[in-house]
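Working notes, beginning with the structure itself.
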Amino acid sequence: MSKKIFIIDDDPDSISFLRCILKAHDYDTIWSLSSATAIAMARSEKPDLILLDLLMPEKSGIRLFKELRKDPELQHIPVVIVSNMPQVASDLSTLIGRHSDPSLNSVGPRPNSPEGLMEKPIEPDLLTRTIQKILNEGDMWKNENRKTRTESVR
């Protein structure tokens with residue numbers, strides 16, 4: 001069964017580009033141009049991974065990322081930040097830590113960082129390798145978790 005990738009970006013051209021890359025590698029894609037509806041869509045669609053742009057008009061990608069991490073139903077979904085912000089990789093933890101809504105600062109069991117960071121323009125091979133690595137690591141974690149639960153039941 002192919003994995004489902006949820007693209008959240010306010011730029012239709014970016015979404016089209018990402019969808020083409022992902023479809024060529026047999027991923028199913030869903031997408032949203034609106035960060036305001038992304039949480040509800042993630043709950044209903046249950047994606048395996050989220051590609052999230054940081055600069056969004058209704059709600060910043062930073063705020064959306066923190067909401068995803070705080071939501072018990074969604075916090076397990078890996079997130080790859082995709083942005084054209086300069087030096088996003090080195091500044092992301094600072095940006096997340098400085099969000100104005102203090103209720104979003106506690107995000108549960110995961111660290112305050114995404115599983116991946118990519119700057120636009122996206123290099124297709126790097127994107128697909130990053131996604132595959134993250135999904136494989138998630139599958140390995142799930143299998144280990146299942147094995148541990150099975151052994152503890154015995």
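The values are calculated or read from the model by the stated rules, or taken from the named source; none is laboratory data. The shown structure was predicted, so the numbers you read here are calculated from the model rather than taken from an experiment. Cβ placement follows ideal geometry from the backbone for every residue including glycine, while neighbour counts extend to all protein chains displayed. Surface areas here come from the heavy atoms of the whole protein model, side chains and all, with no ligands, DNA or RNA. Shrake-Rupley method; radii C 1.70, N 1.55, O 1.52, S 1.80 Å.
So His25 fits all but one of (1) modelled with pLDDT of 95 or more; (2) open to solvent by 30 Å² or more (accessible area, probe 1.4 Å); (3) under 16 Å from Asp10 (Cα atoms); what number is the exception?
The one condition His25 does not meet is (3).
What about Thr37, is it without any contact (Cβ under 8 Å) to a residue 60 or more places away in the chain, over 12 Å from the mean Cα position of the chain (by Cα) and either surrounded by 19 or more Cβ atoms within 10 Å (Cβ to Cβ) or under 24 Å from Lys133 (Cα atoms) (or both)? Can you show your working first?
Details: without any contact (Cβ under 8 Å) to a residue 60 or more places away in the chain: yes; over 12 Å from the mean Cα position of the chain (by Cα): yes; either surrounded by 19 or more Cβ atoms within 10 Å (Cβ to Cβ) or under 24 Å from Lys133 (Cα atoms) (or both): no.
It is false that Thr37 is without any contact (Cβ under 8 Å) to a residue 60 or more places away in the chain, over 12 Å from the mean Cα position of the chain (by Cα) and either surrounded by 19 or more Cβ atoms within 10 Å (Cβ to Cβ) or under 24 Å from Lys133 (Cα atoms) (or both).
Just one of Met41, Met56 is at pLDDT below 95 and not charged (D, E, K, R); which is it?
Every option except Met56 fails the conditions.
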